[in-house]
Every structure is written in C-alpha cells, then in structure tokens.
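Q: I'd like to ask you about the structure that follows.
The values are calculated or read from the model by the stated rules, or taken from the named source; none is laboratory data. All values derive from a computational prediction rather than experimental measurement. Heads up, the Cβs are rebuilt from the backbone with ideal geometry, glycines too, and the neighbour counts pull from every protein chain shown. Surface areas here come from the heavy atoms of the whole protein model, side chains and all, with no ligands, DNA or RNA. Shrake-Rupley method; radii C 1.70, N 1.55, O 1.52, S 1.80 Å.
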Amino acid sequence: MQVKFATALERQAPALLVGIDGHGNTLSASLDNALLELLRCAVEVHKFCGRFTGKFGQSVEVIAPPGSDYRRLIGLCIGAVDAVDHKLLEKFGGAAAARLGQLGEREAAIDVKGLSESESPHAAAHVAFGAALRNYSYTFARSRQPEPSEAVKLLALTMITSQSVTAEALYRSISVQIGAIHYARDLINTPPNVLYPDTFVDLAKSLVDIGIEVEALGPEQLQELGMNALLAVGRGSAFRPRLLVLRWNGANDPTEKPVVFVGKGITFDTGGINLKTTEWMKGMKGDMAGGAAALAAVMSSAGAKLPINVAAVIPLAENAISGSAYRPSDVIVAACGISIEIMHTDAEGRLALIDAIWYARAKMEAGTIVGIGTITGSGIFGLGRHYAGLYSSDDDLAERLTQAGDAAAESLWRLPTSDKYDDDLLSNVADYLQITPFEFGADGSYLMRLLRHAAADVPWAQIEMAGLEFTDRDTFTCPKGATGFGSRLLGQFSKDCAHPSECKEV
C-alpha cells in the first residue's frame, strides 16, 4: 500500500474518512459546512435506528453530493475516550482500512486533523501504521476470483494532516516493522507441505539483500555440535532438521555481544508417537510462529539500521511420526550436557529450544537471550488470548520486555520461575525429566527450570505465546489468520536496546 501525507487533498479522492467521537460529533478540520451537515444528519439517522451508539469502530457512510472532491464520505467512531494514545490511533487506522476494504475502496484519504490536533503528525503516522497492519491478506493458491462482497486491499492511502512532512518522517521511522510483521504472517499462514525446514531456510536467504547474514546448519553439523535434542525432534520426519542463524551486525564495535532471539521453528507438530487429537492438531502449521517472530525482529532491526548487534537462532524441525521417531522413555543428552528422560513426544518445543539457547550462549556469545514460541498450553489456559506468558529470573530483563510489550500492543504477564519446581523434574534414569508426570499442558514454570541450564549465566527470558499465533476472527489490526505475534514486541525490544533513552513507542 502506498502511503502519502498531505496538508490537503491535491486532487479528487474516491473516499474520505474522518473521525467521529462517541457523541456523534465530526472530528475534522477539512470538511466544509455542507459536508459536515450531511454527515451530521446521517449520524442522527443512524442513532435513531440504533445503528450508532458511540462504540469504537462504528461507521456512517454517505454519498457525497455532485461537485465534491470525494464520491463517498465515511465517518468512523473513535469512541468515548479521555485520552488518545498511539495504540488507540493504530486501532482506528486498522478499523478504517477494514471498513474501506469492505466498501470496495482501493484508494482513500483519512483526515486526522481533528483526532489529536496537538499531536497531528503523531496521529497521522500511527493511524497510517494501523491501516497498513490491517491491510493484509493471504490467499496463496486460491484461483477463484473474489466475490463482489469480499473486502479488498487498499492500494493507496493519503493522510491529511497539518504537519505532513513531520508525519511522513515519523511514519517512515516506524513503518519498517510493517513488512517484517507481514512477512511473519506469511510464513505462519504457509501450508506445511510448502514450508518445512529446508524451504524456511531458502526463504530466509533472501534477507541477505537487506544486510542480514544468513547461516544454516544441517544434520551433520548439528550432530558434531551434540545438538541431540533438536535432532531427536526431527528424527521421525522425511524433512531433515536445520538450525537457522540470522545476524544483523549494526554495532560500531563488531565484538559487541548480540541480543539473540531464539524462536521455536517446528514447521508442523503431529505430537509424534503421543499423537495429538484431531482438534489439537488444527493449526499446527503455526508451531513455528516463534521462529517467524525472531526472524521478523532481525528483519526490522536491519530495516531500521539499528546500531546494535541483533541475531536470531531458529531450530527448525517437523515433529512427525514414523518408525524412526523418538519415544517416551528415551534418554537424550542435550548440547548443554544435561541428560533428559523423554516423557511425552508432544513436548518437543523445549527440546528444540534447549539446544538452540545453548548455541546462542556458547557459539554466539550472546549478551541477552530472549526465547519465544508456542511451547505449552499453560499460557492460554492461564492468560487467555490477551497476554503472553513471560518467564525470567532476571528482573531487569523482565521489566524491559514488559515495557516493550505494552508499547507494541503485545502484552506480557510474568509467571513464576522459582527453584521450588526443580525437585519435581528430577529423573531416576537421567538428570531431568522432560516434563513433570502430573503437569503436562500447564508446566510452563517447570520447562523454564529445564531451559535455564542452556542459558547458564546469560540474562535470559522465555515468552510463551501458545494461542496467540492465530486469530479466529478479524481484529482491528489483523484479519483472520496468522497474527505475527511477537514480531513487533521483539522489534520494539531491539529498538529499546539500541536507543534506551527514547520513548517506548513503536
């Protein structure tokens, strides 16, 4: 979508969208009295019919009279709010893009002058950002033509603001996130017969064009490194496991220790020998969503040319079932040296991550490690679909990640990592159990005590995002399907690491 910023329309536009407050008052400094009255009357009719109650996202549309600069005028309600912050502005932009798409408009203008006049460039940039986030679709191999009633994607958007130059500069500084988020969504939405470890690596190789170093280890190299846990997970699949390493070396000092994001990259999860039920196997193409988020974070760091070293380590495998699949009761020695008794083959994420976290520490000399992935059910069981679980024994790191999540509208909730859990992980035949016998599906705190051995003394945190990788309905900033959750959060964290004194806003 092409986004432009202007103080006024330079030519006629197909549609103009303006804000309406919770009382139905038009928030625009651009409309003449005739158009204001036309929209006011339309709002009153909608109120009378019970179609306008002042709720956020409600809209009113009118056909503009002959001689107007627009053929359609749309009023979109921003709700009854005391303060307009960047997250509300982005929701407004997303709602605007969604409504324009539903109306079939491929080109439009949005007047933000009255939404937040004291911060007009700030408002214009974040409304445009939200519109760009929502303006996404994934059809892949669909050959049929869309129905006339289906929403379309915006091709061009003009933001009307009194400070267009400043607004455009701000938008350009934050919009590097958009391409990365959409890229992550594409990866997660891709069918698993198309996206598997080797093809994930092939797609990542295109990132060299934006200055990212790409390295991919194969099974032989993983064997030499002792990464037996990752190898075990992929052993039952026809697709060989890989370890993908991405580096953005933006620091002036090349020896500066990198921030490393370790993202779970299980391209499909059958559950292995402990086969998932049909219901739980739905959506398992998204079990690599953590890896997609880690990739997107490095991608946006490179796009913003952040002056720090940022990297991603993505363990890639398919957890399948066959005669060579790993089994319950197997004992595996991970790369960090601990032996693990397998209790359940559907708890494969921690095995892939323990080797990848070790690699980030031992082979990349990470200064900070942040893991992310769809690991257990404990996140969605305890927190629902509005928070991801955050585990860390490092208070400073936990606080910084929480702040980044708040700024990026991807909220985190810290969960316990006490050493009280350790005794329950002790095995009679190995150092540790893979899971506790009585807590499968809700054992987030236990698995963090397992993964900590790989991180050792490096500041480390783990984000549990199970249940957040997809949305089963349209939201204001994401259509139904993959969300790209974590991409923006980790990108914001990278930005905060590079510019710690700046305001925590994407």
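Q: Among the residues of the range 116-128, are any in contact (Cβ under 8 Å) with a residue 60 or more places away in the chain, open to solvent by 30 Å² or more (accessible area, probe 1.4 Å) and assigned to a loop (DSSP other than H, G, I, E, B)?
A: Taking every residue of the range 116-128 in turn, none turns out to be in contact (Cβ under 8 Å) with a residue 60 or more places away in the chain, open to solvent by 30 Å² or more (accessible area, probe 1.4 Å) and assigned to a loop (DSSP other than H, G, I, E, B).
Q: For the range 63-87, what are the residues that are of a type in the set (A, V, I, L, M, F, W, C) and either within 25 Å of HIS122 (Cα to Cα) or modelled with pLDDT under 85 (or both)?
A: Selection gives LEU73, ILE74, LEU76, CYS77, ILE78, ALA80, VAL81, ALA83, VAL84.
Residue-by-condition table, conditions (1) part of a loop (DSSP other than H, G, I, E, B); (2) open to solvent by 40 Å² or more (accessible area, probe 1.4 Å); (3) touching a His at 6+ places or on another chain (Cβ under 8 Å); (4) farther than 29 Å from LEU225 by Cα:
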{"residue": "PRO328", "(1), (2), (3), (4)": "yes, yes, yes, no"}
{"residue": "ARG385", "(1), (2), (3), (4)": "yes, yes, no, yes"}
{"residue": "ARG400", "(1), (2), (3), (4)": "no, yes, no, yes"}
{"residue": "ILE435", "(1), (2), (3), (4)": "yes, no, yes, no"}
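Q: Here's another thing I want to ask about it. I need a count of the residues in the range 265-301 that are in contact with an Asp or Glu (Cβ under 7 Å, 6 or more places away or on another chain) and at negative phi.
A: So the count comes out to 10.
Q: Need pairs with beta-carbon distance below 6 Å; first residue under 11 Å from ILE463 (Cβ atoms) and within the range 385-405, second of a type in the set (Phe, Trp, Tyr) and surrounded by fewer than 24 Cβ atoms within 10 Å (Cβ to Cβ); sequence gap 6+ or separate chains.
A: TYR387/TRP413
Q: Next up: Among the residues in the range 180-187, are any buried (at least 23 other Cβ atoms within 10 Å of the Cβ), on the phi < 0 side of the Ramachandran plot, part of a loop (DSSP other than H, G, I, E, B) and in contact with a Lys or Arg (Cβ under 9 Å, 6 or more places away or on another chain)?
A: No, there is no match, as no residue in the range 180-187 is buried (at least 23 other Cβ atoms within 10 Å of the Cβ), on the phi < 0 side of the Ramachandran plot, part of a loop (DSSP other than H, G, I, E, B) and in contact with a Lys or Arg (Cβ under 9 Å, 6 or more places away or on another chain).
Q: Next up: May I ask you to list pairs of residues, at least six apart or on different chains, whose Cβ atoms are under 6 Å apart, with the first in the range 344-367 being under 20 Å from VAL331 (Cα atoms) and open to solvent by less than 10 Å² (accessible area, probe 1.4 Å) and the second being assigned to a loop (DSSP other than H, G, I, E, B) and of a type in the set (Val, Ile, Thr)?
A: Correct list of pairs: THR345/ILE273; ALA347/ILE435; GLY349/ILE375.
Q: So for the range 461-471 (the condition being modelled with pLDDT of 95 or more, surrounded by fewer than 24 Cβ atoms within 10 Å (Cβ to Cβ) and more than 29 Å from GLY367 (Cα to Cα)), does at least one residue qualify?
A: yes
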